[in-house]
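Participant: Pasting a structure here, questions to come.
No value in this document is a laboratory result; all are computed from the given coordinates. Nothing here was measured: the structure is a model prediction, and the numbers come from that model. A quick note on method: Cβ atoms are made from the backbone with ideal geometry, for glycine too, and the neighbour counts reach across all protein chains shown.
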Amino acid sequence: MIPTFIGVSIVAFSFIRLLPGDPIMLLAGERGMSEERYQQLQALYGFDQPLFVQYFNYMTDLLQGDFGTSIVTKRPVLQEFLTLFPATIELSLCAIIVAIAVGVPLGVIAAVRRGSWLDQTVMGAALVGYSMPIFWWGLLLIIFFSGILGWTPVSGRISLLYFFPPVTGFMLIDSLLSGQAGAFKSALSHLILPTIVLATIPLAVIARQTRSAMLEVLGEDYVRTARSKGLPPRRVIGLHALRNALIPVVTTIGLQVGVLLAGAILTETIFSWPGIGKWMVDSVFKRDYAVVQGGLLLIAAIIMIVNLIVDVLYGLINPRIRH
Amino acid sequence: MTSTNTKDPNAAVGLEGGTVIAVTRRARLAEFWYYFSQNRGAVIGLYVFLAIVAIALLAPLIAPHSPSLQNRGFFLLPPVWQEGGNWSFLLGTDAVGRDVLSRLIYGARFSLFIGVVVVSVAVSVGILVGLIAGYFRGAVDTVIMRVMDIILAFPSLLLALVLVAILGPGLVNAMIAIALVQQPHYVRLTRAAVMSEKGRDYVTAARVAGAGNIRLMFKTILPNCTAPLIVQAALSFSTAILDAAALGFLGMGAQPPTPEWGTMLAEAREFILRAWWVVTFPGLAILITVLAINLMGDGLRDALDPKLKRS
Amino acid sequence: MKNKLTFAAALLAATVLSGAAGAKTLVYCSEGSPEGFDPALYTAGTTFDASSKPVYNRLVQFEPGTTNTVPGLAESWEISDDGLEVTFKLREGVKFHTTDFFTPSRDFNADDVLFSFNRQLQEDHPYHAYVEGASWEYFNGMSMPDLVKSIEKVDDYTVKFVLNRPEAPFIANLAMDFASIFSKEYADQLSEAGNLSDLNQKPVGTGPFQFVAYQPDAVIRYKAHPDYWNGKQPIDDLVFAITTEASVRQQKLIAGECHITPYPNPADIESLKANEALKVDEQEGLNVGYLAYNTKVAPFDNAQVRKALNMAINKEAILDAVFQGAGQAAKNPIPPTMWSYNDAVEDDAYDPEASKKMLEEAGVSDLSMKVWAMPVQRPYNPNARRMAELIQEDFSKVGVNVEIVSYEWGEYLERSKAEDRDGAVLLGWTGDNGDPDNFLAVLLGCDAVGGSNRAQWCNEEFDGLIQKAKTLSSQEERAELYEEAQLVFKREAPWATIAHSVVHMPMRKEVTGYKMDPLGGHAFEGVDIAE
């Protein structure tokens, strides 16, 4: 994993510097600035030094936990990341939980009742689910459910009526801890639409994967044996088939984490959800070198760690490769 | 991985067997079509897709207006069935008076173009790299897989966004970025297939018969790995269209006034409450196209993969 | 609508429950997050709205809703005869905020003024580089380092600025956000504790609202300063709800989740105006959008050609399609709300026939040119690409072939400055301090060629007028010179002046006392919510 991480850091570092346009010129805006002032600012940010020196300085700082300072806000990148990350995690966790809790049972039902209209409807819906552009889907949901019906709030994480200092950064937990009546309900209602939008694709993929994995397993000999032994169908499905069917599904879930983070970018933009997706996109546009570098590194690190966990989990539950 | 029950030994070894191979191919095609047509959804998908291709090709003939013609008196007209609509602009007009229907029709060209280019580039480069990695193993393999791991460590949209920002916003650069981001899928797929085929008897036989590395890679092993690649290609096609639309939505894809569906959505964002048709129709167009391709992809997978033929 | 009623009822209930008799909360749905809370470090309007406007005051301030300078923390000032010394008499009895992180032990005095400016002026000041990358953009952008020689404390309530040259706009500069006055006591407290960066994250000022908390990218909370020198605000709590999508802001306004929002989608203004529960204020922005020809490159070095091209542009269509009606055709380089605006100037008529003739007479045929379009939205131009497309159409009708060119924003700004730039560039300008010099000298002065003067235009007559006006202190005398300068500008036409945007501010009917700021800021002093 270490060589990959170093490779990632080199990519993150060089990519941002390959971007045309200059954060200093962007700061100057239409007014522009004199050549000496430009040089002065170059020196201030360390841009005038050769690239490998800049990279070396960056890596040494990194090892001490310093991810650099945002050119735009002048605040440490790590601090900004840690403040915004819980919002993205909360949304992503809710989305993946919904995707699994709804997707797996749907996939199982579809597999068990293969060929029925239930199967066709579920699979059809899943197909539509991952065929649509989620930013469009999100906008339509807002207009319909928040605008026309007024059932859900329009944006943000919690109603402005509630004000409490963040403890964990997770609005659901913090609202419970605050003890304010109705805060939890408000936090929950704000999560509904963004979660639905973000969960759509993983849900569809997981449902389909579960179904095909189940079908494969249901046709296996040992299932037929269990059935012929007279075991009740539910036990057959629940115990034997499902456990084995879930193995490839776990891998799929792991892969969906990357999809979730990508989807978070679009979802956060539309719902004004204060997470890292929006933060990263804005920083690319503003050429905030430190933030893009640090952000890419942190996100890549998280994805790598999640993949590692998934691999380990997979190894644990798949008896065939346990040893 | 192998999709046929019987393999003509001539075909497998890559010797030109003339009519023998043709028959086998025709038989394979017929068998493929039989299984494919079993899946009603896939067939519908195929017809819809063909219709879209036809629309794209015939665009200059069927579009009522030019997609870039600004009709100065007709800004933001609603679709014909709403009050204020106009029969010459069936689906309404956009902010500079351009006909939405015509732009959708021409937009099909761009979406298909994006799909074809991205898939071709991703497939050809990905297969090549995967073949090399799987065939030669060793240090080459390790380096290639590391690079793929690095690409996979970033969320695809973010990586594509940064790449496009580096290359400059535009359709071509967006396609390059998306193709690059899809590399790991093809490389891994090809590599895994190659590694598992490499040990088979027919490959050893071919090598013994004197076939060189290149011939072995391309003519012997590759043809037998095509099934999952085809399925992946179908999936990539639809992913490419969605990713290009997302990049367009963020302002980094095709630039206005190109009538690409994602770009049309980006331009229309500010009209979402006032002129719903400028937002809804491009999104629907994307949805229908991608749905059709995914339906086909399902059918392809079912038809090509023997283990799942039952579903 | 269920949600609206529930929220409004809840808000009412909350105000009753919160103890204080009818504690009023104003919710402003802002369009973005502030970069920080020390306005001198930044240049974005969004940051100023969240920092300098509620939390701080300046020596001199703009009268709300205008660009006239009136006393702020300085009660009066005197300019010496040679224009080199400006002495301010400071207001007494002004109190700083008392928050949970700071309690002031004294009133505002000259030490605070010295601190606020010296930290930007003196490189060895302990707070000069108190955050990494601190570059005091506006202080430098307004040329303060070479203008200001020194700042002296005459006594506790008198401060003297010594300048290197007379500059009439100096007073207006001190009304700008970077000149906000900080508490030296607070700064000392922070530096003793070793937490200098808190100056930028937990601000303390003398302004109408004091900072309570900030949840990044989500919410900013303020409460009214009980001892504000200009009277405690009618509103008790001020909340900024950060909502970046315009359509979403509109939804929230209609649902009653915010009281006031900025930057509506121009396409939605009609329906907002028609909504019974809302009202929409409007005002011309202090900005101008233009197409600058490169007057150093043929055939654009010929004023006839430039005027002919100006006459080919259909501004009405642009106002319709690009501004959705939220704009006003521009004929001068300064907007109508600015003093010395010369209304007697006649705009170039839209006349493609006459344009063709003029081009022929000038010996121009088969002209091919580039038009540069910005990739980003700016206050003076919501969609430069669309504008370029319309201009492309217009020019093709008079036989000129246009190629539209665009670069990434930073590159665009950089490349458009080049003296040999190929093509005419779409750009614009938003005023900083309400002084005409801030437009005319910065954008059209000889000094600025190769910099912010993107027409690369250096005209002796024009430049002479504006340089002279800079040194005079009487507004009437300066206005005369500027009016003449505008006539010269129209005659020579280095630009096609396109439009001034009209800024709209939708709000709920109950909101009273809000005055639109011509400089584009959003301030809530004096705002109230009627019951």
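Participant: Rounded if a/c is under 1.5, else prolate if a/b is larger than b/c, else oblate: which is region A:249-309, with a ≥ b ≥ c the root eigenvalues of its Cα gyration tensor?
Facilitator: Oblate, since a/c reaches 1.5 and b/c is not below a/b.
Participant: Then there is this: Hey, any idea what Rg/Rh is for region A:43-140, computing Rh the Kirkwood way over Cα pairs?
Facilitator: With Rg and the Kirkwood Rh in hand, the quotient comes to 1.29.
Participant: Follow-up. Are any of the pairs A:K278/C:K315; C:K202/C:K417; C:K315/C:K370; A:K286/C:K24 more than 30 Å apart by Cα-Cα distance, and if so, which?
Facilitator: Cα-Cα > 30 Å for A:K278/C:K315; C:K202/C:K417; A:K286/C:K24; rest within.
Participant: On average, how many beta carbons from a partner chain sit within 10 Å of the beta carbon of a residue in C:268-277?
Facilitator: Shielding by partners across C:268-277 averages 1.
Participant: Rounded if a/c is under 1.5, else prolate if a/b is larger than b/c, else oblate: which is region C:374-531, with a ≥ b ≥ c the root eigenvalues of its Cα gyration tensor?
Facilitator: oblate
Participant: At 0.36 nm per residue, minus the direct Cα-Cα distance, what do C:E282 and C:E531 gain on full extension? Give it in nm, one decimal, please.
Facilitator: That pair, C:E282 and C:E531, stretches by 87.3 nm at full extension.
Participant: Relative to the present Cα-Cα distance, how much length would full extension add between C:E419 and C:S365 at 0.36 nm per residue of separation?
Facilitator: Length gained between C:E419 and C:S365: 17.0 nm.
Participant: Here's something else I'd like to know. Any idea what diffusion coefficient chain C gets from Stokes-Einstein, in µm²/s, Kirkwood Rh on alpha carbon pairs, 20 °C, 1.002 mPa s?
Facilitator: 86
Participant: Give me Rg over Rh for region C:387-431, both radii from the alpha carbons and Rh done the Kirkwood way, two decimal places.
Facilitator: Looking at region C:387-431, the ratio lands at 1.02.
Participant: If you fit an axis through the alpha-carbon atoms of helix A:77-112 and take the longest principal axis of the Cα set of chain A, what angle between them do you get, 0 to 90°, nearest 10?
Facilitator: 20
Participant: Return the Cα extents of region C:54-156 along principal axes one, two and three, sorted largest first, each rounded to a whole Å.
Facilitator: 46, 33, 33
Participant: Compute the convex hull volume of the Cα atoms of region B:176-311, divide it by the residue count, and report the result per residue in Å³ as a whole number.
Facilitator: Cα convex hull per residue, to the nearest whole number: 125 Å³.
Participant: Turning to a different aspect of this structure: Give me the inter-chain shielding for A:284-292: mean count of other chain Cβ atoms within 10 Å, whole number please.
Facilitator: 3
Participant: Ok, one more. Could you list the square roots of 5 times each eigenvalue of the Cα gyration tensor of region B:15-160, that is, the equivalent ellipsoid semi-axes, sorted largest first and rounded to whole Å?
Facilitator: 44, 26, 14
Participant: At what distance in nm do the modelled label points of C:T471 and C:D111 sit from each other, each positioned 7 Å from its Cα along Cα→Cβ?
Facilitator: Output for this residue pair reads 4.1 nm.
Participant: With the contact rule set at Cα under 8 Å and sequence spacing of 6 or more, what percent relative contact order holds for chain A?
Facilitator: 27
Participant: Would you tell me the mean number of C-beta atoms belonging to other protein chains that fall within 10 Å of each C-beta in C:447-456, as a whole number?
Facilitator: The shielding value for this peptide is 2.
Participant: Another one. Convert 37 °C to kelvin, take the viscosity as 0.692 mPa s, use the Kirkwood radius over C-alpha pairs of region B:75-169 as Rh, and evaluate the Stokes-Einstein diffusion coefficient in µm²/s, rounded to a whole number.
Facilitator: 189
Participant: With +1 on each Lys and Arg Cβ and -1 on each Asp and Glu Cβ, and nothing else charged, work out how big the dipole of the protein assembly as shown is about its Cα centre, in Debye to the nearest 20.
Facilitator: With Lys and Arg at +1 and Asp and Glu at -1, about 7580 debye.
Participant: Are there any helices in chain B, counted as whole DSSP H runs, that stretch 27 Å or more along their axis by Cα and score at least 1.0 on average by Kyte-Doolittle, and if so which?
Facilitator: Long hydrophobic helices here: B:100-136, B:226-249, B:276-304.
Participant: Compute the long axis of helix A:242-271 from its Cα atoms, compare it with the longest principal axis of the Cα atoms of chain A, and write down the angle in degrees, 0 to 90, nearest 10.
Facilitator: Between helix and principal axis, roughly 40 degrees.
Participant: Out of residues 5 or more away from C:H225 or on other chains, whose amide H comes under 5 Å of its own, with H placed 1.01 Å from N in the peptide plane?
Facilitator: Here the answer is C:F209, C:Q210, C:Q233, since their amide H atoms fall under 5 Å of that of C:H225.
Participant: Then there's this: Quick one: divide the alpha-carbon radius of gyration of region C:420-494 by 2.2 N^0.38 Å and tell me what you get.
Facilitator: Normalised Cα radius of gyration, region C:420-494: 1.10.
Participant: I want to check the label-to-label distance for A:Y222 and A:T168. Put each point 7 Å from Cα in the C-beta direction and report it in nm to one decimal.
Facilitator: Taking the two extended label points, one gets 3.7 nm.
Participant: Moving on to the next point. Could the peptides C:239-250, A:31-42, A:119-130 be put in order, highest first, of the mean number of other beta-carbon atoms found within 10 Å of their residues?
Facilitator: Top to bottom by mean Cβ count within 10 Å: C:239-250, A:119-130, A:31-42.
Participant: Let me ask something else. What's log10 of I(q)/I(0) for region B:137-248 at q = 0.13 Å⁻¹, Debye sum over Cα points only, no solvent?
Facilitator: -0.62
Participant: ³J(HN,Hα) across region C:229-242 via Karplus (A = 6.51, B = -1.76, C = 1.60, θ = phi - 60°), whole Hz, x for Gly/Pro?
Facilitator: Values per residue, Gly and Pro as x: 5, 9, x, 4, 5, x, 8, 8, 10, 10, 10, 9, 9, 7 Hz.
Participant: Here's another thing I want to ask about it. To the nearest 10 degrees, how steep is helix C:384-396 against the longest Cα principal axis of chain C, on a 0 to 90 scale?
Facilitator: The angle comes out at about 20 degrees.
Participant: So what's the projected area for the protein assembly as shown, the Cα convex hull averaged over all directions, in nm²?
Facilitator: Projected area, direction-averaged: 50.9 nm².
Participant: From the P(r) of chain B, can you give the percent of Cα pairs sitting at distances over 32 Å?
Facilitator: 39
Participant: Here's something else I'd like to know. At 7 Å along Cα-to-Cβ for each site, give me the label-to-label distance between B:D141 and A:L82 in nm.
Facilitator: 4.3
Participant: Could you check how many percent of all C-alpha pairs in chain A are farther apart than 31 Å?
Facilitator: 47
Participant: Which of rounded, prolate, oblate describes region C:140-209, given a ≥ b ≥ c as roots of the alpha-carbon gyration tensor eigenvalues and a/c under 1.5 marking rounded, otherwise prolate only if a/b is larger than b/c?
Facilitator: prolate
Participant: Could you tell me how far the Cα centroid of region B:209-250 sits from the Cα centroid of region C:262-280, in Å?
Facilitator: Each part's Cα centre sits 51 Å from the other's.
Participant: Hey, if you drop one equal point scatterer on each alpha-carbon of region C:97-152 and run the Debye formula without solvent, what base-10 log of I(q)/I(0) do you get at q = 0.18, 0.27 Å⁻¹?
Facilitator: -0.74, -1.11
Participant: For chain C, what is the mean residue ellipticity at 222 nm derived from helices alone (per DSSP H run of n ≥ 4: -39500 (n - 2.57); sum divided by total residues; nearest 500 deg cm²/dmol)?
Facilitator: -8500 deg cm²/dmol
Participant: Here is a further query. Given the DSSP H assignment, sum -39500 (n - 2.57) over each helix run of at least 4 residues in chain B and divide by its residue total; what's the result at 222 nm in deg cm²/dmol, nearest 500?
Facilitator: Theoretical 222 nm ellipticity from helices: -22500 deg cm²/dmol.
Participant: Using θ = phi - 60° and the Karplus form 6.51 cos²θ - 1.76 cosθ + 1.60, what ³J(HN,Hα) does each residue of region A:2-18 get, whole Hz, x for Gly and Pro?
Facilitator: 4, x, 4, 5, 5, x, 4, 5, 5, 4, 4, 5, 6, 4, 5, 7, 7
Participant: With n ≥ 4 as the cut-off for DSSP H runs, can you work out [θ] at 222 nm for chain A, using -39500 (n - 2.57) per run divided by the number of residues, rounded to the nearest 500?
Facilitator: The helix contribution divided over chain A gives -24000 deg cm²/dmol.
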